[in-house]
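Below: the structure, in structure tokens.
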Amino acid sequence: MNTSLKPDILYFKKQVYIFLTLTILFYIFFLPFCLIILNEEQPRLFILLIGTVVWSVFGAVVLLFHKLWIDRLSYIIKDSSITIYKGIFTKIEQNIPNSKVTDFVLHRDLFDRFMGIASIQVQTAGASGTVGYEGKIDGVLDYEEVHKNLRDKLISIQNITEIDNNTDKDKTNDSILNDILCELKEINKKLND
């Protein structure tokens with residue numbers, strides 16, 4: 001059974017709120033600089049105007065790229081793997097086999113909790129990079145159900161693997177016991193002769 005997911009629109013709204021928060025922080029430091037530190041009236045207003053225009057253009061470009069990124073972001077949860085499709089200019093298809101997954105971490109920062117969304121980090125034993133997880137499913141609205149389904153699937157895969165390992169151990173143990181029995185029969189035969 002394949003399940004397709006896309007980030008909810010609230011994920012883009014989260015990016016907008018983050019940018020607005022950064023804008024407020026920017027102006028908390030930029031306004032006193034323009035009004036107190038600069039001496040002459042004309043340069044104050046000119047620098048304030050230029051700073052506002054530059055920050056607005058920067059914000060528009062950043063939000064445009066965030067929107068393009070989110071629109072192209074999708075996830076497919078299969079029985080055997082999780083596939084993440086992402087990228088604006090370069091298309092990336094990241095496939096994470098379920099057999100390599102060790103855990104699913106539900107991550108909700110302050111903005112996520114405010115928006116009612118979450119991200120699910122897919123951890124593997126050999127996670128590439130320094131982030132500590134192999135992939136991330138961002139902007140999930142029904143995160144509790146998705147997280148529960150992923151965890152249940154992980155537990156069932158681990159149980160199947162454990163049963164297979166125990167069966168292999170039992171076969172190995174049976175083989176060893178048969179070898180010991182054969183050896184004992186040979187010793188008994190030599191002793192009786």
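The number of residues in the stretch 91-104 being under 24 Å from Glu144 (Cβ atoms) and either in contact with a helix residue (DSSP H, G or I) (Cβ under 9 Å, 6 or more places away or on another chain) or acidic (Asp, Glu) (or both) comes to 5.
Is there any pair with a first residue in the stretch 45-73 that is without any contact (Cβ under 8 Å) to a residue 24 or more places away in the chain and farther than 28 Å from Thr83 by Cα and a second that is hydrophobic (A, V, I, L, M, F, W, C) and part of a helix (DSSP H, G or I) whose Cβ atoms are under 6 Å apart and which are 6 or more apart or on different chains, and what are they? Pairs that qualify, where the first residue is without any contact (Cβ under 8 Å) to a residue 24 or more places away in the chain and farther than 28 Å from Thr83 by Cα and the partner is hydrophobic (A, V, I, L, M, F, W, C) and part of a helix (DSSP H, G or I), are Ile47/Cys34; Leu48/Cys34; Gly51/Phe30. Every listed requirement among (1) in a helix (DSSP H, G or I); (2) farther than 19 Å from Gln15 by Cα; (3) modelled with pLDDT of 85 or more is met by Gln158 save one, (3). Scan the stretch 1-15 for residues that are within 17 Å of Ser119 (Cβ to Cβ) and either surrounded by 15 or more Cβ atoms within 10 Å (Cβ to Cβ) or not polar (S, T, N, Q) (or both) and jot them down. Leu5, Lys6, Pro7, Asp8, Ile9, Leu10, Tyr11, Phe12, Lys13, Lys14, Gln15 - these are the residues of the stretch 1-15 that are within 17 Å of Ser119 (Cβ to Cβ) and either surrounded by 15 or more Cβ atoms within 10 Å (Cβ to Cβ) or not polar (S, T, N, Q) (or both). Restricting attention to the stretch 70-87, the residues being surrounded by 12 or more Cβ atoms within 10 Å (Cβ to Cβ) and in contact with a helix residue (DSSP H, G or I) (Cβ under 9 Å, 6 or more places away or on another chain) number 9.
Being under 13 Å from the mean Cα position of the chain (by Cα) and modelled with pLDDT under 90 holds for only one residue in Gly139, Gly126, Gly132, and it is Gly132.
The values are calculated or read from the model by the stated rules, or taken from the named source; none is laboratory data. These numbers come from a predicted model, not from an experiment. Don't worry about glycine lacking a Cβ; one is built from the backbone with ideal geometry, like all the others, and counts go over all protein chains shown.
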